[in-house]
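Asker: Sharing a structure here in structure tokens format.
The values are calculated or read from the model by the stated rules, or taken from the named source; none is laboratory data. On a predicted model such as this, the values are computed, not experimentally measured, just so you know. With ideal geometry, Cβ positions are generated from the backbone for all residues, glycine too; neighbour counts draw on all protein chains shown.
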Amino acid sequence: MAMQEFAKNNHPNEIIVLLRGSRKGDDFIITDFLLPPFGSGGHGFASFPVHMLPIDFTIMGTAHSHPSGVLKPSTGDFHNFYGRIMMILGPPYDQPRAAAYYKSGEQIPVKLASPPR
Ligand SMILES: [Zn+2]
């Protein structure tokens with residue numbers, strides 16, 4: 001199942017997933033997503049306990065959904081930043097309804113290479 005599909009199925013609840021992939025130059029290639037252990041989602045709230053995570057260097061960051069459709073990160077999002085990048089998905093959850101950010105707040109262009117199935 002694609003990440004966008006997962007977000008769509010849980011709408012209007014927020015979802016949060018871990019992004020697995022690799023780094024190639026300035027690009028982050030995301031090939032897979034994982035459900036965080038003990039992740040919880042709800043209205044305007046999605047998080048997971050960071051100390052429960054295994055040490056896994058293929059985790060590039062997280063993605064979560066904003067059912068409101070606003071793709072801008074909230075202050076809370078930056079407080080809960082995990083990994084190198086943060087992606088935000090918005091309804092209807094198809095490209096290009098996604099944005100990605102560094103912890104600095106700088107936006108990263110999102111490209112869809114092939115349908116993530
Ligand atoms: Zn958020």
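Asker: Which number in (1) modelled with pLDDT of 80 or more; (2) within 19 Å of F6 (Cβ to Cβ) marks the one condition that S114 misses?
Answerer: Among (1) modelled with pLDDT of 80 or more; (2) within 19 Å of F6 (Cβ to Cβ), S114 violates only (1).
Asker: Quick one: Y101 ticks every box in (1) within 12 Å of the ligand (Cβ to nearest atom); (2) assigned to a loop (DSSP other than H, G, I, E, B); (3) modelled with pLDDT of 95 or more except a single one, so which number is it?
Answerer: If we test Y101 against (1) within 12 Å of the ligand (Cβ to nearest atom); (2) assigned to a loop (DSSP other than H, G, I, E, B); (3) modelled with pLDDT of 95 or more, just (2) comes out false.
Asker: For the stretch 1-19, which positions are over 17 Å from K111 (Cβ atoms) and assigned to a strand (DSSP E or B)?
Answerer: Selection gives I16, V17, L18.
Asker: OK, next. Given the criteria surrounded by fewer than 20 Cβ atoms within 10 Å (Cβ to Cβ), polar (S, T, N, Q) and at pLDDT below 90, does S22 qualify? Talk me through it step by step, then tell me what you get.
Answerer: Numbers: surrounded by fewer than 20 Cβ atoms within 10 Å (Cβ to Cβ): yes; polar (S, T, N, Q): yes; at pLDDT below 90: no.
So S22 fails the test.
Asker: From the set of residues in the stretch 81-96 that are touching a residue at least 40 places away in the same chain (Cβ under 8 Å), over 21 Å from I55 (Cα atoms) and more than 14 Å from the ligand (Cβ to nearest atom), which is surrounded by the most Cβ atoms within 10 Å (Cβ to Cβ)?
Answerer: For the stretch 81-96, the residue satisfying everything is Y93.
Asker: Name the residue that is nearest to the ligand (Cβ to nearest atom), counting only residues in the stretch 45-80 that are hydrophobic (A, V, I, L, M, F, W, C), within 23 Å of E5 (Cα to Cα) and at pLDDT below 90.
Answerer: My answer is A46.
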